[in-house]
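The values are calculated or read from the model by the stated rules, or taken from the named source; none is laboratory data. Only a predicted model underlies this, so the values are computations on that prediction, with no experimental measurement involved. Note: ideal-geometry Cβ built from the backbone for every residue, glycine included; neighbour counts use all protein chains shown.
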């Protein structure tokens, strides 16, 4: 039985995975509440003990819960040979702390991302916000949900049809030229500044309409968010309108993408 079928068959496994995200969030907050040092990876991106603590928590937990499913985490991806991972038809794709820069700034806009990939498709995803305690999760074909602390799930939906002014994820102070050009083509748009994969969550619950990303991201940055947004009625597409797929290439870097709450929006006109 594929793991996606096991997740559909009952709640215990799903709840155990959601609990892992909460445990990782707690590990992050223990570091967040104290003084911490910031290291730099080879690509100059920041790394803290919180990233590593969440990584250990999630990887050890997933290996215990689903020992037959390999785990690809941002903090251990370099250790996995490309030829090996390309043989995996199923895998967990994990960003233990998405938004480390936001973590370092202490603005609260960082998340824990866990996604199950089945033949390239994100079929289960969870995003946990450590500071607020909010969690978003979804399973392909079974809807998307938001959970506050220990409260029950609330079904969420993207805003369809989207109405002007469109709420667009775009930094107000550090906006790249291509994003600005797109905003100009949209016309009646209101920029929204928000960090990490919280942008996908805001789209999925109808609080934002468009998230354009021009520039590199990694597969673990988008997989959980894509699953949640698609289950809520939206989409994550490349410049040709194709849905993102995972672990299909030698590189783990994504190209440009658009995340849309309403897939019928005239996005091709905006790309110029």
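Values as computed for the structure displayed
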read-out: Restricting the range 92-131 to residues that are modelled with pLDDT of 95 or more and out of contact with any helix residue (DSSP H, G or I) (no Cβ under 7 Å at 6 or more places or on another chain), the residue that is farthest from residue 197 (Cα to Cα); value: 119
read-out: Selection within the range 24-57 - in contact with a strand residue (DSSP E or B) (Cβ under 7 Å, 6 or more places away or on another chain) and buried (at least 16 other Cβ atoms within 10 Å of the Cβ); value: 24, 25, 28, 47, 50, 51, 54, 55
read-out: So residue 247, is it outside any strand (DSSP E or B), over 15 Å from the mean Cα position of the chain (by Cα) and surrounded by 15 or more Cβ atoms within 10 Å (Cβ to Cβ); value: yes
read-out: Among (1) in contact (Cβ under 8 Å) with a residue 12 or more places away in the chain; (2) surrounded by fewer than 19 Cβ atoms within 10 Å (Cβ to Cβ) - the single one residue 242 does not satisfy; value: (1)
read-out: Residue in the range 226-234 that is surrounded by fewer than 22 Cβ atoms within 10 Å (Cβ to Cβ) and modelled with pLDDT of 95 or more present; value: yes
read-out: Out of 62, 13, 20, 7, sole residue that is in contact with a helix residue (DSSP H, G or I) (Cβ under 8 Å, 6 or more places away or on another chain), modelled with pLDDT under 85 and surrounded by 13 or more Cβ atoms within 10 Å (Cβ to Cβ); value: 7
read-out: Candidate set from the range 258-272 (those that are over 22 Å from the mean Cα position of the chain (by Cα) and outside any loop (DSSP other than H, G, I, E, B)); member that is surrounded by the most Cβ atoms within 10 Å (Cβ to Cβ); value: 270
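Residues checked against (1) buried (at least 16 other Cβ atoms within 10 Å of the Cβ); (2) without any contact (Cβ under 8 Å) to a residue 40 or more places away in the chain; (3) over 20 Å from residue 224 (Cα atoms):
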| residue | (1), (2), (3) |
| --- | --- |
| 148 | no, yes, no |
| 160 | yes, no, yes |
| 166 | yes, no, yes |
| 175 | no, yes, yes |
| 184 | no, yes, yes |
| 188 | no, yes, yes |
| 197 | yes, no, no |
